[in-house]
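As C-alpha cells, the structure follows; a few thoughts come after it.
Derivation of every value follows stated rules applied to the coordinates shown; laboratory data play no part. Here the structure is a predicted model, which means the values were calculated and not measured. Methodologically, a virtual Cβ is constructed for each residue, glycine included, from the backbone with ideal geometry; neighbour enumeration extends over all protein chains shown.
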Amino acid sequence: MSTATLDHAKQAAAAAEAAAPKHAGLLLEFETPAALMKAAEQVRDAGFSKWDCHTPYPVHGLDRCMGIQPTILPWIVLGGGLTGCTLGLILQAYTNGIELPVSLMQAENGVIRELLAPFLPSGYPYVVSGKPIFSIPANIPVMFELTILLSAFAAFFGMWGLNMLPRFHHPVFTSARFKRATNDRFFISIEAEDPRYDRQRTRALADGLGAAHVEELVA
Amino acid sequence: MASATMTAPAQLGARRIDDLLPRINRGVQMAFVVGALLTLLSFVVPAFRERVWATYLAAFTFYLGITLGGLFFVVLQHLVRAGWSVVVRRVAEGIALNTKLLPVLFIPVAVGTYQGHLHPAAAAHADHGGGHGAAHAPADPGHAAPGGAPAPADPAHGAGHGGGHHAPHAPLKAKWLSFPWFLGRMLLFFAIWYGIASYFYGSSVAQDQDGDPARTSRMTWWAAPLMIVFALTCSLAGFDLLMALDPYWYSTMFGVYFFAGCFLSFMATLIIAFYVLRRHGLAWEVGPEHYHDMGKFMFAFVVFWAYIAYSQFMLIWYGNIPEETVWYLRRMEHGWLLVSAWLIVGHFVIPFLALLSRFPKRRPELLVAGSAWVLFVHYIDLQWLILPQPEAARAVPVPLLDLGLLLVLGAVYVRSTAANLTGVSLIPERDPRLRDSLAHENF
C-alpha cells in the first residue's frame with residue numbers, strides 16, 4: 001500500500017468522524033420541579049462542574065440544590081459605579097480647565113510639557129452663570145449619571161462575561177424533547193466536556209436519578 | 001419548590017397582640033411619664049419654653065409622617081397587587097389607622113399657629129388685608145419668643161424683602177395661608193386620610209372573617225384613585241405644616257421631599273415593629289425574605305430622599321434667586337451649616353453604604369439597627385426643616401425637650417397602634433395572596 005493511499009484512508013476516516021454526530025453529553029428530563037431538585041443535588045454531589053438545569057420558570061431553592069456559589073457580579077457593578085463617579089468628576093474638572101497633573105509637569109519640567117503639549121487638548125476655564133469654575137453641586141448630576149451608566153454597563157456586560165455569552169449553540173438544542181423546557185418539563189444537562197464525565201458511568205448515574213427520560217446529546 | 005414554607009393557615013404561629021397588651025401598656029405609661037416630666041420642664045426652663053412649639057411641631061410631624069407612610073404603603077400594595085407584602089400589611093394598616101389620632105395630636109400645633117409661634121402667615125393677628133400684607137407675627141419678639149430673648153435680626157430676610165413683611169404679597173396666597181384656611185385644610189386632610197385608612201383596614205379585617213376575594217379586587221380598584229388623592233393631600237400637608245413656616249419661600253419639590261421622609265420613617269418603623277413582635281413570639285410568618293424586601297424599600301427611599309433633597313438644593317443654588325436661596329442661607333448660619341453637612345453624611349452616605357449589600361437586609365438585628373438610625377436622622381431632618389424658621393428657637397438646641405415630646409407622643413402613638421391591632425389577627429389570614437407571601441423568596 002502506497003503512502004498516498006494510506007493518507008487518503010486517514011483523511012476519509014477523519015472526515016467520517018467529523019461528519020458523524022459526536023457524543024456531547026446527557027439530557028435528563030423530569031416532570032416536576034421536586035424531582036429535578038432531588039436529582040440536581042445528586043449531580044452536584046457527584047462533583048460535576050459543566051452541567052446545568054433548565055426550567056420553564058424560576059424554581060426557588062434550585063441554586064442551593066445545584067451548589068451555585070453567590071455571584072461576584074455586585075462587586076463588578078460597584079467597581080463600574082465608582083469608576084463612573086470618578087470619571088465624571090475628572091471629566092468636568094478637566095474640561096473646566098483644571099489640569100492638575102499637566103500643570104505640575106509644566107512647573108517641574110517644561111520639556112516634558114512641551115513634548116506632550118500637542119497630545120493634551122486643554123479644557124476651557126469658562127464661567128457659567130457666575131458659578132465657580134469647579135464646584136461640586138454643579139458636578140453631581142454628571143457624576144451621578146455616569147455612576148448609573150457604568151453600573152448598568154458593568155451589570156449587563158459583567159453578566160454576559162460571567163455566563164460566557166454570547167453563545168450561539170449548545171448541544172441541548174439538538175434534542176427535540178428540550179423544546180418543552182420553556183413549557184412544562186424540567187431538564188438537567190451534563191456536558192461531555194466535564195472532566196468527571198465518563199460515558200458509561202455518567203450514564204449509569206443518570207439512569208439512577210429518577211428521570212422520566214434520559215437522552216444522549218450529540219453535537 | 002418551597003413547599004416547606006407553604007404552611008397551611010392552621011399551622012401558623014401566634015397572631016394576636018392581645019396577650020402582649022399589659023406589657024405594652026406598662027412600657028407606654030413609663031415612656032409617657034418620663035416624657036411628660038421632661039416636657040413640663042418647659043414651664044420653668046426658659047430654653048425649653050422658647051423651643052416648645054417648634055419642637056412639638058417636629059415631633060407631631062414625625063408621627064404624622066410614619067402614619068402617612070403607612071397609608072401610602074397599604075394603598076401601594078393594593079395598587080400593584082403585591083404578593084410578598086401580605087404578611088406585613090396588617091400592621092401597616094394598623095399604623096395607617098392612626099390617622100384617627102392625628103386631629104387630637106394636631107391641637108397644640110393649631111394653638112401654636114393661632115398664637116403666632118409657628119406659621120407667620122397663619123397667625124391670628126397676621127395682616128391679610130390686600131397685597132402688601134405686613135404681618136408682624138415673628139417680627140414681634142413679644143409673641144415670637146414669649147419670655148425669651150428678643151428675636152435676632154434676620155439679615156437674609158431683611159435683604160430679600162426690605163424687612164418686616166411676613167405675609168405673602170399675593171392676596172390669594174395670604175388667604176390660602178391664613179389660619180381658618182390652614183385649619184380647615186388640615187382637618188379636611190385628616191378626614192380624607194382617616195377615610196382611606198379605615199376603608200382598607202375595615203375591608204382587610206372583614207376579609208379575615210369571610211375570605212371573600214372580591215374584597216381584594218375592590219380594594220385594588222379603589223387604590224388607584226385613592227393614591228392620587230393621597231399624593232395631593234400629602235403634598236399639600238407638607239406645604240402647610242413645614243413649607244409655610246416661611247410664607248415667602250416655595251419649592252414645588254417640597255411635597256415630594258416631605259413624602260420621601262414619611263415613607264422612609266414608616267419602613268424603619270415597620271421593620272422595628274416586626275422585630276419587636278417576633279421577639280415576643282408573634283408574627284413568625286415574617287421571615288428573612290420579608291425583612292429583605294422591607295430593607296430594600298428602606299434603602300430605596302434613603303436614595304430617593306437624597307435624590308430629591310439634592311435636586312431641590314441644586315435648582316435653587318443654580319438659579320440663585322434671593323427669595324429662594326434665603327431658605328438655604330438660613331440653614332447655613334447659626335451653626336446650622338454643620339447640621340446641613342451632617343445630614344448629607346448621616347441621612348445619605350451612612351445608611352446608603354450600610355444598607356447597600358444584601359447581607360444586612362437579611363439579618364433582622366442589623367436591619368433594626370439601620371432602621372433606628374434612619375428614624376434618628378429623619379427626626380434631625382425634621383428639625384432642620386422647622387427649627388431654623390421660628391426666630392426665637394434658632395440659637396439653643398434642647399435635645400431633652402425633643403426626647404420628652406417624642407416620648408409623650410410616641411407613647412400615645414404606640415398605644416393607639418396596639419389598640420388598632422387588638423382583637424384582629426396580625427396577618428391577613430384569608431387574603432387570596434397570603435400563600436404567595438408565605439412562600440416568597442428573593443433571588
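Annotation note: chymotrypsin sites (Phe, Trp or Tyr not before Pro) in region A:163-193 located in DSSP loop regions with a Cβ neighbour count of at most 15 within 10 Å are A:168. Put the Cα centre of region B:61-105 next to the Cα centre of region B:337-370 and the gap is 23 Å.
Using a cut-off of 23 Å between Cα atoms, the listed pairs B:100/B:361; A:50/B:361; A:22/A:179 include B:100/B:361; A:50/B:361 as exceeding that distance.
Each residue in A:55, B:99, B:216 was given a count of other beta-carbon atoms within 10 angstrom of its own, and listing them fewest first yields A:55, B:216, B:99. The Cα-based radius of gyration and maximum Cα-Cα distance (Dmax) for region B:18-438 are 21.7, 66 Å.
Shape of region B:316-426 from the C-alpha gyration tensor: oblate (a/c of 1.5 or more and a/b not above b/c, with a ≥ b ≥ c the square roots of its eigenvalues). Loop-located trypsin sites (Lys or Arg not before Pro) across region A:138-212 with a Cβ neighbour count of 15 or fewer within 10 Å are A:167, A:196, with loop assigned by DSSP. On full extension, the segment bounded by residue B:376 and residue B:37 gains 119.9 nm, given 0.36 nm per residue less the C-alpha separation.
Only Lys, Arg, Asp and Glu carry charge here, each on its Cβ (+1 for the first two, -1 for the last two); on that basis region B:18-438 has a dipole of about 740 debye about its Cα centre. The convex hull drawn around the Cα atoms of region B:194-334, when projected onto a plane and averaged over every direction, covers 11.9 nm². Remark: spin-label model distance residue A:68-residue B:442 equals 1.7 nm, labels positioned 7 Å along the Cα→Cβ axis. Along the axis of the charge dipole computed for region B:333-442 (Cβ charges of +1 for Lys and Arg, -1 for Asp and Glu, origin at the Cα centre), the listed residues B:425, B:438, B:354 are led at the positive end by B:438.
Taken over the alpha carbons of region B:304-343 as equal point scatterers, the Debye sum produces base-10 log I(q)/I(0) values at 0.18, 0.29 Å⁻¹ of -0.51, -1.03.
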